[in-house]
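S.K.: Take a look at the following structure, please.
Where a number appears in this text, it was derived from the coordinates with a stated rule and is not lab data. Because the structure is a prediction, the values reported are computed rather than measured. Cβ placement follows ideal geometry from the backbone for every residue including glycine, while neighbour counts extend to all protein chains displayed.
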């Protein structure tokens, strides 16, 4: 590792999932200094959860590309940007070819072409896949190429805050998880690729424990605008009781959703929001729902869904070739995030965002399965190119002292009479019950009161482990504070969007309103309160 690692960084990439690694690779092509900083390790990122595939017209047919555009816009329920959607869909065939050239082992059909399957709400078969490990294979291939290009990595460093000077982002503060030391890394441009915030639904999400919205929260504190925070997708099929994801590939390959009498009750390939609500409607009446794959056959399951079979056996002792698999919906993907334009620029100068932490205008109110992987590659490339080009016109930033170092030090002496782990569990349950698949004013207001109480109680929460070495208690307390901050933003968006649109379904306002066919924008005021406005789609 270079001695000047923390100095004279041209492009600082925060997050090492698919979007961050793509951005790093693309920036490196411009012959600039690139550093990737990650809370975990690159191969641990949430990109692994994108099991089923990546959408693209296999042939560069204008008709097929237009159908991809149309399906994506329709799925967004009016909140998708035509410009952003065109960029993604038109570049999708090239994206697949590029991934193929860097070593992604796509599954092949009998003609040795990249295999495709149909996903929900798609008018055509367009989801390219690598068995049911697509995201994992893409991630590993990207990381291998980053190593090949000698890109620098700093792993196990948790983002604390962005460093701002004169409304420009000049770097970020990080916690070294190994030593509890706070370091400042200064950079000409910074790319946030830190993933979503689904862990506000703690224990009711398919996401890993590390997916806590750190980048989105840091951007909000720095003054960046967030968008569509209320739009959170619930995946229809997570294993009951543990919420381990069962990919949409299971339904794309012909799996059925059945009740206890083994009767199908919905078209399995309808949009995710509709399928998830149909399942949950039964479960709130204490009716079990199962995924039935038995008719697909053992040979095909082992060929196209080996991971699903292994997960069901390991975690529920169920053989999906012979038995029904109990499932339930779980929070899975955040359509909202840091507001960006199609150049991946945020509202703060020199700060870019891509991937699930961003809201560029693709998913709107309901993401189509297979579009997330396509988005992270397409806009990861754009973020990398633009951040690298911008860095060439910026002088090296001067080091400044930040308040973050002192605040982290204070955590070791802060009162901890209230156990934040108990609050974290209560929070996950409360968000799922009150701001889950069905919402209304009464439930939202009740949760707002509870969140405000938890915020007031923060002064009595802290860490009980005072060690400096790998202090997981410290890491999780910082994550909890981020989740609480973002939970407030999600609630504000949900309260003010008095309609039902895609994943945001309000029983007291059950229809879409033309007047609210707009993106919500949330920002922090100087007094730390949040404001919201609704802006036209661009």
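S.K.: Stretched out fully, how many nm does the piece from residue 460 to residue 63 gain, at 0.36 nm a residue minus the Cα gap?
M.R.: In short, 137.0 nm is gained.
S.K.: Where does each of 188, 178 land when they are ranked from fewest to most other beta-carbon atoms within 10 angstrom?
M.R.: Going from sparsest to densest Cβ surroundings: 178, 188.
S.K.: Can you tell me the length gained on complete extension of the stretch residue 389 to residue 528, counting 0.36 nm per residue apart and subtracting the Cα distance?
M.R.: This chain segment gains 46.7 nm when fully extended.
S.K.: Arrange 426, 64, 261 by Cβ neighbour counts within 10 Å, fewest through most, would you?
M.R.: 261, 426, 64
S.K.: Now for a different question. Quote the Stokes-Einstein diffusion coefficient, in whole µm² s⁻¹, for the chain, based on the Kirkwood radius over alpha carbon pairs, a temperature of 4 °C and a viscosity of 1.567 mPa s.
M.R.: The calculation lands on 56 µm²/s.
S.K.: Give me the distance in nm between label points sitting 7 Å out from Cα along the Cα-to-Cβ direction at residue 221 and residue 418, one decimal.
M.R.: Simple spin-label model gives 1.8 nm for this pair.
S.K.: Kindly work out what percent of the DSSP beta bridges joining two residues of the chain are antiparallel, to the nearest 5.
M.R.: Just about 65 percent of them are antiparallel.
S.K.: What is the packing order of peptides 130-141, 525-536, 263-274, taking the mean over residues of other C-beta atoms within 10 Å and listing the highest first?
M.R.: Order by mean packing, descending: 130-141, 263-274, 525-536.
S.K.: For the range 404-511, report the % of Cα-Cα distances exceeding 24 Å.
M.R.: More than 24 Å apart: 34 percent of the Cα pairs in the range 404-511.
S.K.: Tell me the label-point distance for the pair residue 281, residue 267, using the 7 Å Cα-to-Cβ offset, in nm and rounded to one decimal.
M.R.: Distance between the two pseudo-spin positions: 1.5 nm.
S.K.: Expected output is a single nm value to one decimal: the length gained when fully extending between residue 168 and residue 433, i.e. 0.36 nm times separation in residues minus the C-alpha distance. What is it?
M.R.: Length gained between residue 168 and residue 433: 91.5 nm.
S.K.: How large is the direction-averaged shadow of the alpha-carbon convex hull of the range 366-417, in nm²?
M.R.: Dividing the Cα hull surface by four gives the mean projection, 8.2 nm².
S.K.: Go ahead and estimate [θ] at 222 nm for the chain from helices alone: -39,500 (n - 2.57) per DSSP H run with n ≥ 4, summed, over the residue count, rounded to 500.
M.R.: Counting only the DSSP helices, I get -11000 deg cm²/dmol.
S.K.: Label residue 242 and residue 498 with points 7 Å out from Cα along Cα→Cβ: what is the distance between them in nm?
M.R.: Each label point is offset 7 Å from its Cα along the Cβ direction, giving 4.5 nm.
S.K.: Give me the log10 of I(q) over I(0) for the range 21-91 at q = 0.17, 0.21, 0.25 Å⁻¹, as the Debye formula computes it from C-alpha points; what are the numbers?
M.R.: Debye intensities relative to I(0), on a log10 scale: -0.89, -0.99, -1.04.
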